[in-house]
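Colleague: Take a look at this one; I'll ask things after.
The values are calculated or read from the model by the stated rules, or taken from the named source; none is laboratory data. No experiment lies behind these values; they were computed from the predicted model shown. Cβ atoms come from the backbone with ideal geometry, glycine included; neighbour counts cover every protein chain shown.
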Amino acid sequence: MASPVSIPFESIIQLDRSSGTPVYLQIAHQVINAIQRRYLPAGTRLPGTRILAKALQVHRNTIIMACQELDAQGWLEIHPNKGSFIIGKADPRPAKFQAGQTVQLIEYPSVTGFQFKKSSLLDNPIGYSKARLHLNDGLPDYRLTPLDQLSRYYNTSLKRKINRRHLGYQQAESNLYFRRQLANFLNLTRGLHVSPDNILLTRGTEMSLFITANLLLQPGDTVVVGTPSYFIMNMIFQQAGAHIKTVPVDGEGIDVEAVRKLCEKQAVRLLYITPHHHYPTTVTLSAGRRLDLLKLSAEFGFIILEDDFDYDFHYDKSPVLPLASADTSGMVVYCGSFGKSLAPGFRTGFVVAPENLIVELQKHLQVLDRQGDPLLEQVLGELIEEGEMHRLLKKSLQVYGARRKNMVELLNEYFSDQLQFEHPNGGLAFWLEWKKELNLAKFSKACEAKDVFIPRTLLYQQKNLTAMRMGFGHLDESEMEQVISIMREVLTNITIQQNE
């Protein structure tokens, strides 16, 4: 057994005096680590407090406090007139510490010591860049969120004693108030006929779609999506073990006749669709195809998973009602988010479906998110009840409508001879198709070099298609002009290089 003097504690204990952790706790924690890793075997007697204080260059009281902490946690036995000993019987095995060795106990393992299943399907495809200006697929501008107004609602809600009972773990009826208000809001704005029992609340649209897909799908099931399609949902379906089949999308939305032909050949479990504005092309599913699709679903028994990610944003006319509003057979599961015009931290997701499915989804959600966000739900419910949400939406739509108009003018000014696009009647993104052959990966890389980041998920390069989805909602007029002018400059440089 090593004597207390022969163990160079200054090589085992590395102190960081700039750390927010008190020095005595740093000492205690690293001694515990040394014990657990057998650098300090059981039965080892520690040096006296004065000797250890001198070795570590700390005050003796710091060592006393560290020993008291080790004693309190059960790692040290302090015997009067004998000394302090590492807890447990003496370990006959030699200590791992070797003379002259410096031990880094504060490092965390860089890799696991075991094997586990890895998924390439869920690799983050969005990417990151230090570029000053970023494009996205149609996200709102968080800078428009009325933070002062929301803080007042939060403050008032916290002060109400009746709301404090909701601050614990969620109970079955703890979010009934918000679900009741949300049901009223959805019935009014989307032509639904639902009650609070038809609504499941989640942290966001992706969580709604993830738990719904994983409940409804079994490995080997067939899922139908339009092409081009939403990359995240493809990842979710593949992770669930489903086989994805694609059908064309044209100016009227998804090709329903192609869906019928596919159903006649094989069993289809689920069809995923964004009918209000198809992702990524922004095309709205025509009224005739909506009716045909609902009939087809009832005939062949496949589920329609309706993702209404941007229903709140429409400009020229009233939005087309969701498929769920006309569903009489219980075949549509409707997912969306509430508060989309607010900053992400103030939004919530929801699933609307027949009650029996909501009950089962709630079981799965309870495992993933037992706590929920009752305070946010209370605030959002009050925003609906007092009419504030309608006013906020109306105000933000004026801003986004102006930005859409500005984007149209810039695209026509800079790219009238290069691009083909339709004016979207809703949503926060354009679908741009390039008239000439262009390497989009090279184009994106050149734009990033000039401080404009275009994620690869916005680029759609196929044999007969060179297109990109471009969000405009998060850019003000100045930022928009900078982005478009840089894109034009890059395109001009590429054209010159190709002609040389």
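Colleague: For segment 19-28, does any single residue satisfy the condition of being outside any helix (DSSP H, G or I), aliphatic (A, V, I, L, M) and crowded, with 20+ Cβ neighbours inside 10 Å?
Modeller: Looking for residues that are outside any helix (DSSP H, G or I), aliphatic (A, V, I, L, M) and crowded, with 20+ Cβ neighbours inside 10 Å, one finds none in segment 19-28, hence no.
Colleague: So if I check each of LYS405, LYS340, LYS395, which one is of a type in the set (Lys, Arg), surrounded by fewer than 18 Cβ atoms within 10 Å (Cβ to Cβ) and either assigned by TED's automatic domain parsing to the domain that holds ARG269 or in contact with a Leu (Cβ under 9 Å, 6 or more places away or on another chain) (or both)?
Modeller: The conditions single out LYS395.
Colleague: Tell me yes or no: at least one residue of segment 470-481 is of a type outside the set (Asp, Glu), in contact (Cβ under 8 Å) with a residue 12 or more places away in the chain and part of a helix (DSSP H, G or I).
Modeller: Yes, segment 470-481 contains a residue that is of a type outside the set (Asp, Glu), in contact (Cβ under 8 Å) with a residue 12 or more places away in the chain and part of a helix (DSSP H, G or I).
Colleague: Right, something else. Return the only residue of VAL223, VAL247 being more than 26 Å from TYR315 (Cβ to Cβ), in contact with an Asp or Glu (Cβ under 9 Å, 6 or more places away or on another chain) and hydrophobic (A, V, I, L, M, F, W, C).
Modeller: VAL247
Colleague: Show the residue pairs meeting these rules: Cβ distance below 7 Å; 6+ apart or different chains; first residue within segment 318-333 and over 19 Å from GLU355 (Cβ atoms); second residue part of a loop (DSSP other than H, G, I, E, B) and modelled with pLDDT under 90.
Modeller: PRO319/TYR311
Colleague: Collect the residues in segment 422-454 that are assigned to a loop (DSSP other than H, G, I, E, B) and either modelled with pLDDT of 95 or more or crowded, with 19+ Cβ neighbours inside 10 Å (or both), keeping them in residue-number order.
Modeller: PRO424, GLY427, LEU428, LYS450, ASP451, ILE454, listed by residue number.
Colleague: Kindly indicate which of LEU296, LEU376, LEU361, LEU368 is touching a Leu at 6+ places or on another chain (Cβ under 8 Å), in the same structural domain as GLY253 (by TED's automatic domain parsing) and under 28 Å from ASN214 (Cα atoms).
Modeller: Being touching a Leu at 6+ places or on another chain (Cβ under 8 Å), in the same structural domain as GLY253 (by TED's automatic domain parsing) and under 28 Å from ASN214 (Cα atoms) holds for just one of LEU296, LEU376, LEU361, LEU368, which is LEU361.
Colleague: To continue, here is another question. If you take the residues in segment 92-122 that are over 21 Å from the mean Cα position of the chain (by Cα) and charged (D, E, K, R), which one is modelled with the lowest pLDDT?
Modeller: Restricting to residues being over 21 Å from the mean Cα position of the chain (by Cα) and charged (D, E, K, R), the top hit is LYS96.
Colleague: Sticking with this one: Hey, does segment 412-421 have a residue that's charged (D, E, K, R) and either in contact with a Ser or Thr (Cβ under 6 Å, 6 or more places away or on another chain) or not in a loop (DSSP other than H, G, I, E, B) (or both)?
Modeller: yes
Colleague: Here's something else I'd like to know. Which one is surrounded by the fewest Cβ atoms within 10 Å (Cβ to Cβ) among residues in segment 286-321 that are modelled with pLDDT of 95 or more and under 30 Å from ARG391 (Cβ atoms)?
Modeller: Per the criteria, the residue is GLU306.
Colleague: May I ask you to list the residues in segment 123-159 that are surrounded by fewer than 13 Cβ atoms within 10 Å (Cβ to Cβ), at pLDDT 90 or above and part of a loop (DSSP other than H, G, I, E, B)?
Modeller: Across segment 123-159, the qualifying residues are LYS130, ARG132.
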